[in-house]
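The values are calculated or read from the model by the stated rules, or taken from the named source; none is laboratory data. Please read all numbers here as calculations on a predicted model, not as lab measurements. As a convention, Cβ positions derive from the backbone with ideal geometry for all residues, glycine included, and neighbour counts pool all protein chains shown.
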Amino acid sequence: MSGAYAQIFRALSSEISLAVVAMGVLTLDLVVGRKRDLGARRQLVGAVTLIGLALAAVPLVWQVGLTNVPLMGETLAVNPLTVIFKFVLIVLTALTVLISVDHDIGTHVGEYFAMLLFGAIGMLLLVGSEELLTIFVALELTSISLFVLTAFHKNSLRSQEAALKYFLFGAISSAFLLFGLSYIYGLTGATHLRDIGTALAGKGTNPLLAVGLLCVLVGLGFKVAMVPFHLWAPDAYEGAPTPVTAFIATGSKVASFFVLVKVLMIGFAGAAGSAYWGAFSSGWAMVLGITAAASMLLGNCAAIVQTNVKRLLAYSSIAHAGYILIGLVAATSTGATAVLFYVIVYALTNLGAFGVVAALSARAGGGDLEHFNGMAKRAPFLSLLMLVFILSLAGVPPLGGFFGKFYLFAAAVERDAQNFGLLWLVVLGILMSAVSLYYYLILLKHFYVMPAKDETRIATPGHVNMALAICAVGVIILGVFPEPIVALLKTLVIGL
Amino acid sequence: MNELVKQQWLIPFLPLVAAAVQSLLPRKARKLSAGICLTAMGASCVLALRAFVGTLGHHEAERAVWNFVWFDYGTTRLQLGFILDPMTAAMALMVTFVGFWIFVNATGYMSDDENFTRFFCFLSLFAAAMLGLVVANNLLMLFMCWELVGLCSYLLIGFWYFKPSAATAMKKAFITTRIGDVGFFLGILMLSWQAGTLNLYDGGNGALEQAGKLAGLHGWFGWSMATTIAVLLFIGAMGKSAQFPLHVWLPDAMEGPTPVSALIHAATMVAAGVFMVGRMFALFTAGGSAEHPTFAMDMVLWVGCFTALFSATIAVGQFDIKRALAYSTCSQLGFMMMALGAGGLVPGQFHLLTHAFFKALLFLGSGCVIIGTHHEQDMRKMGGLRKYMPITFWCYLIGMLALAGVPPFAGFFSKDEVLLVTFQRSKVAWGLATFAAFLTAFYMTRQMFMVFAGKWRGGHHEPHEVRWNMWLPIAVLSVFAIGLGFFGGKYEHYLGVHEEELHGKSLVMGLSVAVGAAGILLGWLMYGRKTMAHAEEPDPLEVKLGALFTCLNRKWYVDEFYDATIIRATMLLGEFWRVFDNRVIDGILHGIAWTAWGVSQVVRWVGDEFVINGGFDAGCEGVRLTGREFAKLQTGRIQGYLRILCLGAVILLVIWYLK
């Protein structure tokens, strides 16, 4: 028995330490925080949270050497890929904490940081789990923390609205997901992904499987905000406190895409079908091919007419979900590698972009495009970083976004290369990237070209600048020198 | 050496970091900016020196390379790499050393400029790109750096962009070199296609190591593939190294600040073309022999020879101190190319090195003159500066003697070797080059007398000597302009090339000394015996030559010819396409744009107006009125959302079953 506990402890040491820190943060704020003013409280609690995150990263170092250790009857897995993604998630959480310290999050400071940590625990569990129920629980833990965080602007109706919408949408999606899981269990008698994979191997399509799998895709599609399960995203992104938006758009997406890749590639490898032009055949690849196309079309077109920066970025993130899905549609290890590489780049980029918006909008008087007029003069450093992030989102070399897209598209072209079966998705992706340049450049035009009404300098705190600069450097390094991480991910994905 | 090559990347990396840091500095941080720039360059110089020392012990032409994968996709593998061999080490050392002293000089030359930090940022970026070009073991990386130095050149020529002439000159330089780069790029593509790699050396699989194989394949116009590629690469070198007929940008580039002219347009970047031809020498020579050289080699020889003579004649007729030097640079680059074309890798590269020192010296000296005379560049309005600027005078004199090829200065040795190797290949080319050498000595003497002799003709402001940070660099460079020539023999040995004994050595050397002396003598006769008294006085040569002198002064009307032909044709074509664009393309584009706009409006209407604005924004308005209405609208909106969610799921399910 003690051996089993030791195993659990080993697999979950990061999550356990995060939970302890979350409790500690709550207590700390309750005991010593109340007497201080809000800014000092945020700094104190934020600093403790950061230390906690750093501590949680330490056990990952022990796990580096481990390869594919199935734990608790294969419910949780520790392998180099999970170590990498847990580390990425901890870094993303830490960067979110850094930009939150500066942000007005009301009087419930301890709760805010504790909820961030709970959300992070859910994401780490998502990355580690290989069993459907655990995945469901982890997904719920993540989602519920994010619902609460979205509502954290207690005095803002928009924030409340957004949280309620997000919650209701999430609840229905969870219902779908659970419903789908029950069908799959009924069909295969298993909840472990690998067992499901074995049970389904060699069997043809089955109506029950179709319903089950589609419902699972609805549940996960909600998390990654793909069309038509995206409707919550623009509202939630706009209404939530901006650091929370950054967290939803990055940490949650990374974990969700990771689990999507894992579920589909391990559990349902046999039910992929195809999305080849003119040769559609039923399966998740076909469904994702359609949703990818719809996401790219709708996300990019709707982003053009937005006037609010967060809303614009929300639609852009829907479009990016579409690009990422192209890699999944390819249903190869190359495609999966491309997806995983892209989500890392995408998360760093978007965290940075939302971070800049968070840091500047409060001081510029609002989050509409006009409020950012002439920012290049008012806040030159953050504007420069924004330039890097936006160009990376637009896919301009040599930034990370370019190579991310390149790998995604290349993976799709490589699949069924004789007939160019997936070329239609790539062509659409490239066309839509061109469309996206329009609104990205408009955003930059507001930063760099349009004159500001008020030319006073905006000073931003050093830790925010540092956090955003880290994102920018990451984006540049992943763009200039993507090979090491891509090669690493590729070997690990093949071993998945 | 194998260990040292792994640190080659540091040499360009340090200036690159410096440029990045400088780009973020505020305008006021002048000292800090210059300090960072000089520190990075100094450190790179130390690294280059270490690499140089590391190559000294090896007597054979030995090289170490270090290649690594940049990124990898499927069967496509892009590699980059660094190289360390004697030619690289010597070039890197020259660039960092000369560059460092030019930077020092620039701190003085630019001391009044308000964009001081921007200037040094560009200089650092240039140094990084130039050094990257030198240490690259990969044609792709070389090409990227090649374009980067072009960009820096563009930015620095137009540094005073508010001057219309500078703005025109920067565009001219960029576009003219770009014409050459098209050829270069085609060459790279063909090489990549034929050799399957762009690594120059790669343990037997590198592009250059396959030169023999490429020489056996058929290319264009009945040439071998190696020759075809070499010719295309050489077109790039012609643009970069200002060879006829792509030389027109270099004199105009003198609109930039003088340290830029010294660094980029005399010592380093313009020599990149020569360096590249030297680097790719195996391709140029592949398939040919001393008796039957390849077409590529002949092309290099004759383009170089013609440029050497042609530019020298123009230099004779110039009044602007920097333009005269610019044409002299073209001419000297022609000498280097000619040597390479005659098969003399060592003389070509050696002349590149010595020339970098004394031409940088002359340009910096002219910068001192310009500062000392309060921004005067017209030599007719100078005179008598020897008295006012003694240090500058002596240094300039050394540079002039080196360029004129007077023994024992550096230029004598290297130019002598160039002439000697050309003599082996073609007597005609040798004769023309010797005449160019005579002109060189003549125009430099003319310049010396016009600037430094006689009495001051520039009006009320008396010239003054420059500050130490301006004269110290030229003093240092003078030492090398005197002493570097003695290492010619050693350099050949160092490069590991053993050339056969050349005949006609005494004849060539004797003639070379004789024409040098004759040029100086003629210069003294025309300009030294009786110096100009007034700025308005006609040039003695103008009196003698008449219309021919005007022709020289107007640079043989090449610019006018280009204006009347290529530029006008381009303009007409541009006009045609503008009309075509407005009428035809725009019509199509507008159609597409309207369609896209329509789609986005529909999406907005369905997605935003109907679902969100209809529910949410109007809901928010309602919220302010009554809470009850809020609740009502809220419910309606969420239903709309969830309806779409379920509808979506059902549609996907239907599609699933249909297929």
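A few comments on the model shown:
- Selection within the range A:408-458 - surrounded by fewer than 16 Cβ atoms within 10 Å (Cβ to Cβ), in contact with a Phe, Trp or Tyr (Cβ under 8 Å, 6 or more places away or on another chain) and either assigned to a loop (DSSP other than H, G, I, E, B) or within 13 Å of chain B (Cβ to nearest Cβ) (or both): A:Asn419, A:Phe420
- Residues considered: A:Leu133, A:Leu213. Of these, the only one that is surrounded by 22 or more Cβ atoms within 10 Å (Cβ to Cβ) and at pLDDT below 95 is A:Leu213.
- Candidates A:Ser143, A:Ser173, filtered to the one that is within 12 Å of chain B (Cβ to nearest Cβ), in contact with a helix residue (DSSP H, G or I) (Cβ under 8 Å, 6 or more places away or on another chain) and polar (S, T, N, Q): A:Ser173
- Answer residue from the range B:448-466, given it is among the aromatic types (Phe, Trp, Tyr) and assigned to a helix (DSSP H, G or I) and is farthest from B:Gly343 (Cα to Cα) among those: B:Phe452
- Residue within the range B:77-96 that is over 13 Å from the mean Cα position of the chain (by Cα), assigned to a strand (DSSP E or B) and among the basic types (Lys, Arg) present: yes
- Condition met for A:Ala293 (surrounded by fewer than 24 Cβ atoms within 10 Å (Cβ to Cβ) and assigned to a helix (DSSP H, G or I)): yes
- Among residues of the range A:475-487, those that are within 20 Å of A:Phe258 (Cα to Cα), surrounded by fewer than 22 Cβ atoms within 10 Å (Cβ to Cβ) and more than 12 Å from chain B (Cβ to nearest Cβ), counted: 0
- Residues located in the range B:1-27, provided they are loosely packed, with under 15 Cβ neighbours inside 10 Å, within 14 Å of chain A (Cβ to nearest Cβ) and not in a helix (DSSP H, G or I): B:Pro26, B:Arg27
- Yes/no for B:Leu625 being within 14 Å of chain A (Cβ to nearest Cβ), at pLDDT 80 or above and more than 47 Å from the chain's Cα centre (by Cα): no
- Residues in the range A:148-164 that are in a helix (DSSP H, G or I) and more than 14 Å from every other protein chain (Cβ to nearest Cβ): A:Val148, A:Leu149, A:Thr150.
- For the range A:287-342, residues that are more than 9 Å from chain B (Cβ to nearest Cβ) and among the β-branched types (Val, Ile, Thr) total 9.
- Note on the range B:372-384: residues that are part of a helix (DSSP H, G or I) and surrounded by fewer than 24 Cβ atoms within 10 Å (Cβ to Cβ) total 3.
- Tally of residues being more than 19 Å from A:Leu298 (Cβ to Cβ) and facing chain A (nearest Cβ under 7 Å) across the range B:589-604: 0
- Any hit, the range A:123-136, residues being touching a helix residue (DSSP H, G or I) at 6+ places or on another chain (Cβ under 8 Å), farther than 19 Å from A:Val259 by Cβ and either hydroxyl-bearing (Ser, Thr, Tyr) or away from every other protein chain (no Cβ under 14 Å) (or both): no
- A:Ile290 being aliphatic (A, V, I, L, M) and in contact (Cβ under 8 Å) with a residue 40 or more places away in the chain: no
- B:Leu432 vs. criteria modelled with pLDDT of 85 or more and closer than 21 Å to B:Tyr527 by Cα: no
Residue by residue, here is whether (1) outside any helix (DSSP H, G or I); (2) polar (S, T, N, Q); (3) buried (at least 24 other Cβ atoms within 10 Å of the Cβ); (4) touching a Cys at 6+ places or on another chain (Cβ under 8 Å) holds:
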{"position": "B:Trp394", "(1), (2), (3), (4)": "no, no, no, no"}
{"position": "B:Met400", "(1), (2), (3), (4)": "no, no, yes, no"}
{"position": "B:Gly411", "(1), (2), (3), (4)": "no, no, yes, no"}
{"position": "B:Ala429", "(1), (2), (3), (4)": "no, no, no, yes"}
{"position": "B:Thr434", "(1), (2), (3), (4)": "no, yes, no, no"}
{"position": "B:Phe438", "(1), (2), (3), (4)": "no, no, no, no"}
{"position": "B:Phe442", "(1), (2), (3), (4)": "no, no, yes, no"}
{"position": "B:Arg446", "(1), (2), (3), (4)": "no, no, yes, no"}
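- Checked against (1) within 14 Å of another protein chain (Cβ to nearest Cβ); (2) not in a helix (DSSP H, G or I), B:Val65 passes all but condition (1).
- Selection within the range A:242-267 - farther than 21 Å from A:Val345 by Cα and either in contact with a strand residue (DSSP E or B) (Cβ under 6 Å, 6 or more places away or on another chain) or crowded, with 24+ Cβ neighbours inside 10 Å (or both): A:Leu264, A:Gly267
- Meets criteria (touching a helix residue (DSSP H, G or I) at 6+ places or on another chain (Cβ under 8 Å), more than 28 Å from A:Leu351 (Cβ to Cβ) and within 11 Å of chain B (Cβ to nearest Cβ)) for A:Leu217: no
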